[in-house]
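To keep things clear, I will list the structure first and then write my remarks on it.
Bear in mind these aren't lab numbers, they're just calculated from the coordinates by the rules spelled out. As the structure is a prediction and not an experimental result, all values here were calculated from the model. As a convention, Cβ positions derive from the backbone with ideal geometry for all residues, glycine included, and neighbour counts pool all protein chains shown.
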Amino acid sequence: MRQIVPPFALTQKILGQQKTGAGTPYRLTVHCLRAERPEGVLLYHTLTGELVLLSHEEARQLAGLPGPVPAVLGELVPRRFLVPREADDMALADQTRDIARRFSKKDGVLTEYLIFTTTACNARCFYCFEAGIQKAVMSEETARAAGAYIAAHCGGRPVHLVWYGGEPLLNVRAIDAITGILRQKGVTFRSRMDSNGYLFDASLAARAKADWGLYQAQITLDGTEDVYNRRKAYVDPQGSPFQRVLRNIDPLLDAGIRVLVRLNMDENNEKDLYALVDQLAERFGGRPGFSIYFRVLLENRGVEPTAYTEEERRSLAEKAGAMHEYLAGKGLLLKWSLPQGPTLRSCWSDDVNAATITPEGRLGRCESHIDKGLWGSVFSEERNEAVLRQWRERRPPGEFCRTCALYPRCARLKNCVIHPARCSPIERAEVELRFRQGILNAYEEWKAGGQGEA
Ligand code: SF4
Ligand code: SF4
């Protein structure tokens, strides 16, 4: 057995090494992802974060468990890859997470902000979760107040901003006002943006880099030209919006801003996305800073709750796997890394250092709940602690979580609108694909460091 990635220091500190029980039958932990390689089998422990490589012979012996631990697998017991047959993996993950949370700092400063500069949009995607939300644009006065609030609540630490909408570029003045105040007050910041890319040009890209600290623009593409133009339904388009968005990617990359293309996949555009990937590979493949990832449009990501049958869910999960392989083969897949520590929070919404800011200057928690669960305002110091507590409430795990390798990395909030009570195989497949990519990347890096030859 070779260690490829050591366990998280914090988890190690909490758990220590597992003692071997004489005569106890052992099995592989539920919290393990495996990946086959020509050299052997990689095992990744989703609770401890450790990655090991087993030889083919060790993997063969592992397949013989549950039972007494063969001598060649003895090292897997203290590392908790092998656990007593009757062990409760879920309880151990819960206890570890509870203790790890107590170790995490709760200084109350806000350093992460997702800012809705406007809820208006020049594209009208049929699946937009903001459909039905009243259109609002952040005024300059509110933007200045937002800048002042951020400066006063970041505790002197660097700030990370996400420009969100609607289409954030429909309100460039708000972005200028917020970043202008932050600069005036000496706050260090950087930012990224979720945009449809339609309004970027060379001069705006250069300004975004210099003035807004923009390091990444995420641009959603749903298909090749005809499919994209039909699904996006732009307001008063000038020429082909698809061609315009593609043209606008170049100046962003030229300015040193990463471009992350997001493909939204469903049964209707899945085949066309392959043609799109080919076009993107030809045009942008090999350009530093250009990468792609994809998401299947889930029931709660814009499609009605009853939209998919179980069979369709399984089929889409398989299609997600195929798309992942295709992107990886083209060298365009966004590079995922393995996590650096245990999972202490679910998302932005239960991160004590994060907040959203609505166009009216109200403070919230979740990008998908623009007008719900609001807990404060940039014009006031008052905080609704009851609402903040609600955002931290977790949804109890389902029985199906008991056998899920991802459980130590998964936390679902009661208030979340995109994660339904049942867990979709599509989403599980997406998360597993990301982990598998992280495992393989870590292994390749380990080999590149020459350690595989030792
Ligand atoms: S909610 Fe889904 S992904 Fe999370 S632990 Fe349960 S089965 Fe796994
Ligand atoms: S939609 Fe759910 S996962 Fe996303 S930020 Fe909101 S609470 Fe978190």
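Among 318-326, 165-173, how do they line up from the highest to the lowest mean number of other beta-carbon atoms within 10 Å?
Those peptides, ordered most packed to least, come out 165-173, 318-326.
The stretch 211-279 to the stretch 395-416: how many Å between their Cα centroids?
So the two Cα centres are separated by 33 Å.
How high is the relative contact order of the chain, in percent, counting Cα pairs under 8 Å that sit 6 or more residues apart?
Once normalised by length, the contact order is 17 percent.
Which of Phe379, Phe81, Phe116 comes first, and how do the rest follow, when ranked by fewest Cβ neighbours within 10 Å?
Phe379, Phe81, Phe116
Helix 425-448 versus the longest principal axis of the chain: what is the Cα-based angle in degrees, 0 to 90, to the nearest 10?
Roughly 70 degrees, rounded to the nearest 10.
First check a/c for the stretch 372-454, with a ≥ b ≥ c the square roots of the eigenvalues of its C-alpha gyration tensor; if it is under 1.5, answer rounded, and if not, answer prolate when a/b is larger than b/c or oblate otherwise.
In terms of gyration-tensor shape, oblate.
Can you find, among Thr29, Ile99, Leu76, the residue sitting farthest towards the positive end of the charge dipole of the chain, where Lys and Arg contribute +1 and Asp and Glu -1 at Cβ?
Towards the positive end, the residue furthest out is Ile99.
Could you tell me what percent of the DSSP beta bridges with both partners in the chain are antiparallel, to the nearest 5? Before the final figure, lay out each step's value.
Numbers: 24 of 57 bridges.
The antiparallel fraction comes to roughly 40 percent.
Starting from 0 in steps of 10 Å, tell me what percent of the Cα-Cα pairs of the chain lands in each bin.
Binned Cα distances yield the sequence 4, 18, 27, 27, 17, 6, 1, 0.
Only counting other Cβ atoms within 10 Å, I'd like Asp211, Asp89 sorted with the fewest neighbours first.
Asp211, Asp89
Return a whole-number percent for the relative contact order of the stretch 372-424, with Cα pairs under 8 Å and 6 or more residues apart as the contact set.
Values: 32 pairs, mean separation 16.2, N = 53.
Averaging sequence separation for qualifying contacts and normalising by length gives 31 percent for the stretch 372-424.
If amide hydrogens are placed 1.01 Å from N in the peptide plane, which non-local residues have theirs closer than 5 Å to the one on Gly364?
Thr356, Ile357, Thr358, Trp375
Please give me, ordered by residue number, the trypsin sites (Lys or Arg not before Pro) of the stretch 1-84 that lie in loop per DSSP and have at most 16 other Cβ atoms within 10 Å.
Within the stretch 1-84, the qualifying trypsin sites (Lys or Arg not before Pro) (loop, at most 16 other Cβ atoms within 10 Å) are Lys19.
Which ³J(HN,Hα) values in Hz, rounded to whole numbers, follow from the phi angles of the stretch 380-391 under the Karplus curve 6.51 cos²θ - 1.76 cosθ + 1.60, where θ = phi - 60° and Gly and Pro get x?
8, 9, 6, 10, 8, 5, 5, 5, 4, 5, 4, 5
Using Cα atoms only, what is the angle between the long axis of helix 241-254 and the major principal axis of the chain, expressed in degrees (0 to 90) to the nearest 10?
Around 70 degrees separate the two axes.
Relative contact order for the stretch 131-234 using alpha-carbon pairs under 8 Å, separation at least 6, rounded to a whole percent? Walk me through the numbers before you get to the answer.
On the way: 110 pairs, mean separation 27.4, N = 104.
The normalised contact order for the stretch 131-234 reaches 26 percent.
Take Ser380, Ser191 and order them by how many other Cβ atoms sit within 10 Å, fewest up front.
So the residues, fewest neighbours to most, are Ser380, Ser191.
Roughly how many Å is it from the Cα centre of the stretch 332-389 to that of the stretch 16-84, as a whole number?
38 Å
Return one number: the angle in degrees, 0 to 90 and rounded to the nearest 10, between the long axis of the Cα atoms of helix 140-153 and the longest principal axis of the Cα atoms of the chain.
40 degrees
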